[in-house]
Amino acid sequence: MEINVTNRGGEITPDLQKHLDKKLRKLERISGGISDIHVVIVHERPDRRVEVAARVYGQDLFAEERGEDLLTCIDVALEKLVKQVKKRKGRVKDHTLHPH
């Protein structure tokens, strides 16, 4: 799995990088079908924005979250992506079991 992180208008601290790595590893454990992930962290006033794009089982998925706390934004955006991955993973399994 290839991971790209883009930071705009601010700094990624070591603690923030560690938190992001931990969350991305969780996502990787959930699905082996992720080929690449791109995370964009934007520091805008007054809020922060986190965008996460992932290629899962050949399909592009996207999640975004805005808020004041960057760690919370990362958590919420990645949870949104986890839900999408689980949904997509279920569809792939269902399609494999019951082809049309």
Scanning segment 19-33 residue by residue, the ones that are farther than 15 Å from K80 by Cα and in contact (Cβ under 8 Å) with a residue 12 or more places away in the chain total 2
Taking the condition of being surrounded by fewer than 16 Cβ atoms within 10 Å (Cβ to Cβ) and part of a helix (DSSP H, G or I), how many residues in segment 58-74 meet it?
2
Taking segment 29-42, which residues are modelled with pLDDT under 90 and either among the aliphatic types (A, V, I, L, M) or surrounded by 14 or more Cβ atoms within 10 Å (Cβ to Cβ) (or both)?
I30, S31, G33, I34
Given the conditions (1) within 20 Å of R88 (Cβ to Cβ); (2) in a helix (DSSP H, G or I), report the number of the one that R55 does not fulfil.
(2)
Name the pairs: first residue in segment 57-79 and in contact (Cβ under 8 Å) with a residue 40 or more places away in the chain, second residue part of a helix (DSSP H, G or I) and loosely packed, with under 15 Cβ neighbours inside 10 Å, Cβ to Cβ under 9 Å, at least 6 apart or on different chains?
L71/D15; L78/K26
Answer yes or no: is there a residue in segment 36-51 that is closer than 23 Å to K87 by Cβ and assigned to a loop (DSSP other than H, G, I, E, B).
no
I need every pair where a residue in segment 1-15 that is free of Cβ contacts under 8 Å to residues at least 60 places away in the same chain has its Cβ under 7 Å from the Cβ of a residue that is outside any loop (DSSP other than H, G, I, E, B) and surrounded by fewer than 10 Cβ atoms within 10 Å (Cβ to Cβ), sequence separation at least 6 or different chains.
none
Please work out if T6 is outside any helix (DSSP H, G or I), loosely packed, with under 15 Cβ neighbours inside 10 Å, of a type outside the set (A, V, I, L, M, F, W, C) and under 15 Å from the mean Cα position of the chain (by Cα).
yes
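The values are calculated or read from the model by the stated rules, or taken from the named source; none is laboratory data. Computed from a predicted model, the values in this text were never measured in an experiment. Using ideal geometry, Cβ is built from the backbone for each residue, glycine included, and neighbour counts are taken over all protein chains shown.
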